[in-house]
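One structure, as C-alpha cells, below. Some questions next.
The values are calculated or read from the model by the stated rules, or taken from the named source; none is laboratory data. Predicted, not measured: the structure shown is a model, and the values here were computed from it. All Cβ positions, glycine included, derive from the backbone under ideal geometry; neighbour counts span all protein chains shown.
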C-alpha cells in the first residue's frame, strides 16, 4: 500500500526540455500550499486588523494594512509554489508580457478600477466612515474594495461605485478634514414685530443647542423686508457626521424658536394679501344662467 502511494506520489506528469520534471506529489503540494496560503493570509490579515482596531488608528488605515499583509503573504506563497515546481520566475517573463498586453486591452476598466482603489487608499481623499455626497446620493463609506467602493445611503440602500468614478468626478466629502459644518435657519415674522427682540430670541434658541459651536460665534442677520414677512437668517457652526444629523439639529432649533415666539407674543408670518374696494364704483352682481336657461336661449335663437 505504501509502495503504491509512493509510486502515485512520484508519478511524473510533465518533463521539461531541460530535464526538469513535475510529479503528482509536487503538484499536490503546490495546490495545498496555495489553498492554505490564501486562507492563511486572510486569517493573518484578520488578526492584525483586529489588533489594530484597539489602537487609535482610523478604520481606513487598518483596512490598508490588512490588504497589504494579505497581498504580501500571497505573493510569497506563489513564489514558494513556483520554487517547489522548480520553475524560475524568468521563465514567465515573455508569457507575462504577452498576458499583460492582452489583459491591458481586454480589461482596461477592471485594471483602472483596481489601480484607482489603491490610489484612494494611498492618498485618502475618501476614507472608511467618511460621509460623502456623490451626484444626488449621500451616504457613509463602508468599504473600499479592489474594484468598487461600497457606500451606505441615508435610506439604508447600498451603492457600489467604481473606484475610478470617485477619482474622475467631483465628490463632496463632509468629513475629510473635520466635522465642522456651517448651516442656516431662516425665520419670517409678521410686520410690526419688535425686530431686536426677535433677533435676541433666535440667538437664545441657537445658543441653547449643545452642538452649536461658540467659535466661530453664531450670528443672526436681519436679511430682508419680504412680501409677507420680516426675514431673519441665523448662521451657526456645529459638528455633524452627516446630513440627517444636521437636519435634526435645525429641527430642534426651530422647535425652540417656535416655543420662544409663542411665549413672547411673536407671530410667525404667513402669506396674506390686502384687498381694497373702490366705493365710487360699486360691485355689480350678475347671476350666471343655468344650463336649462342656456338651452332655452339657444332654442329661441334657432326658431
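What number of residues in region 145-159 are part of a strand (DSSP E or B) and either at pLDDT below 85 or loosely packed, with under 14 Cβ neighbours inside 10 Å (or both)?
Taking region 145-159 and keeping what is part of a strand (DSSP E or B), we get 148-153, 158-159.
After this cut, where a residue has to be either at pLDDT below 85 or loosely packed, with under 14 Cβ neighbours inside 10 Å (or both) as well, the list is 153, 158.
Within region 145-159, residues that are part of a strand (DSSP E or B) and either at pLDDT below 85 or loosely packed, with under 14 Cβ neighbours inside 10 Å (or both) number 2.
Those residues that are touching a strand residue (DSSP E or B) at 6+ places or on another chain (Cβ under 6 Å) and without any contact (Cβ under 8 Å) to a residue 24 or more places away in the chain, I need them from region 160-179; list them, please.
Listed by number, the list holds a single entry, 160.
Looking at region 249-265 only, could you name the residues that are without any contact (Cβ under 8 Å) to a residue 12 or more places away in the chain and surrounded by 13 or more Cβ atoms within 10 Å (Cβ to Cβ)?
Of everything in region 249-265, just one residue is without any contact (Cβ under 8 Å) to a residue 12 or more places away in the chain and surrounded by 13 or more Cβ atoms within 10 Å (Cβ to Cβ), namely 258.
Which one is farthest from residue 211 (Cα to Cα), of the residues in region 233-262 that are at pLDDT 90 or above and in contact with a helix residue (DSSP H, G or I) (Cβ under 6 Å, 6 or more places away or on another chain)?
260
Let me ask another. Is it true that some residue in region 20-27 is closer than 30 Å to residue 124 by Cβ and either outside the structural domain of residue 142 (by TED's automatic domain parsing) or at pLDDT below 75 (or both)? Even if it seems obvious, please write down each step before you answer.
Filtering region 20-27 down to residues closer than 30 Å to residue 124 by Cβ leaves none.
No: zero hits.
Now, a different point. Could you check, for region 217-239, whether at least one of its residues is over 24 Å from the mean Cα position of the chain (by Cα), surrounded by 19 or more Cβ atoms within 10 Å (Cβ to Cβ), assigned to a strand (DSSP E or B) and without any contact (Cβ under 8 Å) to a residue 40 or more places away in the chain?
Checked against the condition, which is being over 24 Å from the mean Cα position of the chain (by Cα), surrounded by 19 or more Cβ atoms within 10 Å (Cβ to Cβ), assigned to a strand (DSSP E or B) and without any contact (Cβ under 8 Å) to a residue 40 or more places away in the chain, region 217-239 yields at least one hit.
Output yes when any residue across region 106-118 is surrounded by fewer than 20 Cβ atoms within 10 Å (Cβ to Cβ), assigned to a loop (DSSP other than H, G, I, E, B) and touching a residue at least 24 places away in the same chain (Cβ under 8 Å), and no when none is. Can you show your working first?
Of all residues in region 106-118, those surrounded by fewer than 20 Cβ atoms within 10 Å (Cβ to Cβ) come to 106-112, 114-115, 118.
Next cut, assigned to a loop (DSSP other than H, G, I, E, B) only: 107.
Next, only the ones that are touching a residue at least 24 places away in the same chain (Cβ under 8 Å) stay: none.
No, every residue in region 106-118 fails to be surrounded by fewer than 20 Cβ atoms within 10 Å (Cβ to Cβ), assigned to a loop (DSSP other than H, G, I, E, B) and touching a residue at least 24 places away in the same chain (Cβ under 8 Å).
Just to be sure I understand, how many residues within region 142-158 are free of Cβ contacts under 8 Å to residues at least 24 places away in the same chain and in contact with a strand residue (DSSP E or B) (Cβ under 7 Å, 6 or more places away or on another chain)? Full working, then the answer.
Taking region 142-158 first, the residues free of Cβ contacts under 8 Å to residues at least 24 places away in the same chain are 142, 150-153, 155-158.
The next check asks that each one be in contact with a strand residue (DSSP E or B) (Cβ under 7 Å, 6 or more places away or on another chain); those that pass are 142, 150-153, 158.
So the answer is 6.
Across region 160-180, which residue is surrounded by the fewest Cβ atoms within 10 Å (Cβ to Cβ) among those that are over 17 Å from residue 243 (Cα atoms) and either modelled with pLDDT under 85 or out of contact with any helix residue (DSSP H, G or I) (no Cβ under 7 Å at 6 or more places or on another chain) (or both)? It would help to see each step written out before you state the result.
Taking region 160-180 and keeping what is over 17 Å from residue 243 (Cα atoms), we get 160-170.
Adding the requirement that they be either modelled with pLDDT under 85 or out of contact with any helix residue (DSSP H, G or I) (no Cβ under 7 Å at 6 or more places or on another chain) (or both) leaves 160-161, 165, 168-170.
Details: 160: 11, 161: 21, 165: 15, 168: 11, 169: 10, 170: 7.
Per the criteria, the residue is 170.
Do we find a residue being surrounded by 14 or more Cβ atoms within 10 Å (Cβ to Cβ) and out of contact with any helix residue (DSSP H, G or I) (no Cβ under 9 Å at 6 or more places or on another chain) anywhere in region 269-276?
Initially, region 269-276 is screened for residues surrounded by 14 or more Cβ atoms within 10 Å (Cβ to Cβ), giving 269.
Pick out the ones that are also out of contact with any helix residue (DSSP H, G or I) (no Cβ under 9 Å at 6 or more places or on another chain) and you get 269.
The answer is yes, given that some residue of region 269-276 is surrounded by 14 or more Cβ atoms within 10 Å (Cβ to Cβ) and out of contact with any helix residue (DSSP H, G or I) (no Cβ under 9 Å at 6 or more places or on another chain).
Another question, then. Only one of (1) assigned by TED's automatic domain parsing to the domain that holds residue 255; (2) under 22 Å from residue 250 (Cβ atoms) is not met by residue 191, so which one is it?
Unmet condition: (2).
Restricting to region 181-211, what's the tally of residues that are touching a residue at least 40 places away in the same chain (Cβ under 8 Å) and under 17 Å from residue 240 (Cβ atoms)?
Total meeting the criteria: 7.
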